[in-house]
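Let me begin by presenting the structure, written as structure tokens, before commenting on it.
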Amino acid sequence: MTTTTTQLSSFLTNRIQRIEVSATMAVAAEAERLRGSGVDIVDFGVGEPHFATPEHIKEAAIAAINNNFSRYTAAGGTVELRDAIIKRHHADFGSGYKREECMASVGGKHVLFNAIQVLVDHGDEVILPVPYWVSFKDMIRYSGGEPVFIETDEKQDFALTAEMVERAITPRTKLIILNSPCNPSGAVMKPEDMVAVLRLAHARGIYVISDECYVYLNYTGRLFSAGELHDVRDRLMIVGSLSKTYAMTGWRLGYVLGPAAIVSAMNKLQSQSTSNPTSIVQKAAVAALNGSQQCVAEMRADYIHLRDKAVAGLRSIPGITCANPNGAFYVFPNLSHYFGRHGMNSAADVARKLLQEAHVAMVPGEAFGSSLHARISYPVAETDLERGIERMRQFFAGL
Ligand SMILES: Cc1ncc(COP(=O)(O)O)c(C=O)c1O
């Protein structure tokens, strides 16, 4: 007898049924299916750099293999790696974290999962600005917490202020999640807004996770980390990742900087689940963090160029509005002008038609809490960016 979905749901845990498969993965799967049947897809769906990992980082991994650096390490990463993380962060942001306040995990996503699991309990509220990165909502729900959404306004460049956060605080608020630069909007919080939110949270005894996976992809000319603030540390967790900074998405290396007691709890959880991030990757990460940061500056310059092209191209399509993002590598155009035509009434409808008829893949905003927008990930060859936007222009012109 085969097991039906209904039977399955009766023995799967309640917590696994509270979450959904990552929507960005779903788009990638559909684009892959079409590509497999011979369709030429311009893919703006996948959120990762189009660069190869820099040579000196690859060489460090190869050396680690050749030197048989292939055993278990401490669950939270080697001392060498944790020292490299805190040294890099201190050099860039004057943060001065200690070794016991730092831990490495299998990507920023893993860090966030660990942090939310140790901080959020059943019934706790977690403030989450919209649009949000897909996984935050599901990680909160998996832990038993409730996301409390704060809408931001595209006309204000998706800015988040302390006043907006204050209105969402209740006696059950445990945690606020910040993500600047933001996936999917590319918005960068003004340092003074970030400081005001951190101080407000601290004064109210609320924890903050500052997801800084894109901290080096900030195009304002002033890199900024919450770690620059020293007097709110006992409530602050900084999450970092090598994925985007060094074009290492597949390598899986992320880190946390935060209060020793919380880091220690995360370490305990990790020691009972994945154990250490891959030993070889840790050596590569040390090379990335200790080596020249010229590669990061070069990639950043390229992203700025692509961002400018993407924004100008999208704004030249009648009816589409698009904020100018100051970081990350996404643009988040508003497609609602075309709702009501061609059977399209939401961003999901528009994205589906664009994929099927114009062969351009992007992630509909519903995944990020908005049914008006779609996320375009612009780390692609410049010619593909041009081709994709041209296809969109023709698609919308034909409606
Ligand atoms: C906002 C944000 N946080 C965390 C991550 C996780 O990145 P990784 O697990 O590759 O370090 C991503 C990846 O897309 C992201 O966009």
Quiz item: Hey, what did the chain get for relative contact order, percent, Cα under 8 Å, at least 6 apart?
Solution: 23
Exercise. Search the structure for amide H atoms under 5 Å from the amide H of T152, placed 1.01 Å from N in the peptide plane, and list their residues when 5 or more places away or on another chain.
Key: V130
Quiz prompt | Net dipole in debye of segment 126-174 [+1 Lys, Arg Cβ; -1 Asp, Glu Cβ; about Cα centre; nearest 20] | solution = 300
Quiz item: If the cut-off is 20 Å between C-alpha atoms, which aspartates and glutamates fall inside it for K155, apart from same-chain ones fewer than 8 positions away?
Solution: E163, E192, D193, D308, E366
Practice problem: Under 18 Å Cα to Cα from K109, which lysines show up? Leave out anything in the same chain fewer than 8 places away. | Solution: K137, K244, K268
Self-check item: Contact order normalised by residue count of segment 145-252, Cα under 8 Å, 6+ apart, percent
Solution: 23
Quiz prompt | Karplus 3J(HN,Hα) series, Hz, for segment 199-216 with 6.51 cos²θ - 1.76 cosθ + 1.60 (x for Gly, Pro) | solution = 5, 4, 4, 4, 4, 8, x, 9, 7, 10, 9, 9, 7, 10, 4, 10, 4, 8
Quiz prompt | Phi to ³J(HN,Hα) by Karplus 6.51 cos²θ - 1.76 cosθ + 1.60 over segment 189-198, Hz, x for Gly, Pro | solution = 5, 5, x, 5, 5, 4, 4, 5, 5, 5
Practice problem: Among the trypsin sites (Lys or Arg not before Pro) in segment 173-224, which ones are in a DSSP loop with at most 12 other Cβ atoms within 10 Å of the Cβ? Mind listing them? | Solution: R222
Quiz item: Per residue, what accessible area does the chain have, given a 1.4 Å probe and all protein chains present, in Å²?
Solution: 42
Exercise. Lys and Arg at +1, Asp and Glu at -1: add these up for the other residues within a Cβ distance under 13 Å of E212 and post the number.
Key: -1
Practice problem: Estimate the FRET efficiency between Q272 and A29 by the formula 1/(1 + (r/R0)^6), using the beta-carbon distance for r and 35 Å for R0, to the nearest 0.05. | Solution: 0.65
Practice problem: Provide the per-residue ³J(HN,Hα) series for segment 175-181, in order, calculated from phi with Karplus coefficients 6.51, -1.76, 1.60 and θ = phi - 60°, each as a whole number of Hz, with x at glycine and proline positions. | Solution: 8, 10, 10, 10, 8, 9, x
Quiz item: Does segment 169-311 come out rounded, prolate or oblate by the C-alpha gyration tensor, with a ≥ b ≥ c the root eigenvalues, rounded set by a/c under 1.5 and, if not, prolate when a/b is larger than b/c and oblate if not?
Solution: oblate
Exercise. State the extension gain, in nm to one decimal, for the chain segment bounded by A168 and R71, taking 0.36 nm per residue of separation less the distance between their alpha-carbons.
Key: 30.2 nm
Quiz item: In deg cm²/dmol, rounded to 500, what helix-only [θ] at 222 nm does the chain give when every DSSP H run of at least 4 residues adds -39500 (n - 2.57) and the total is split over its residues?
Solution: -12500 deg cm²/dmol
Quiz prompt | segment 45-119: relative contact order as a whole-number percent, Cα under 8 Å and 6+ apart | solution = 22
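The values are calculated or read from the model by the stated rules, or taken from the named source; none is laboratory data. Model, not experiment: these values are computed from the prediction. Note that we place each Cβ from the backbone using ideal geometry, even for glycine, and neighbour counts take in every protein chain shown. In case anyone asks, the SASA skips ligands and DNA or RNA and just uses the protein heavy atoms, side chains included. Shrake-Rupley method; radii C 1.70, N 1.55, O 1.52, S 1.80 Å.
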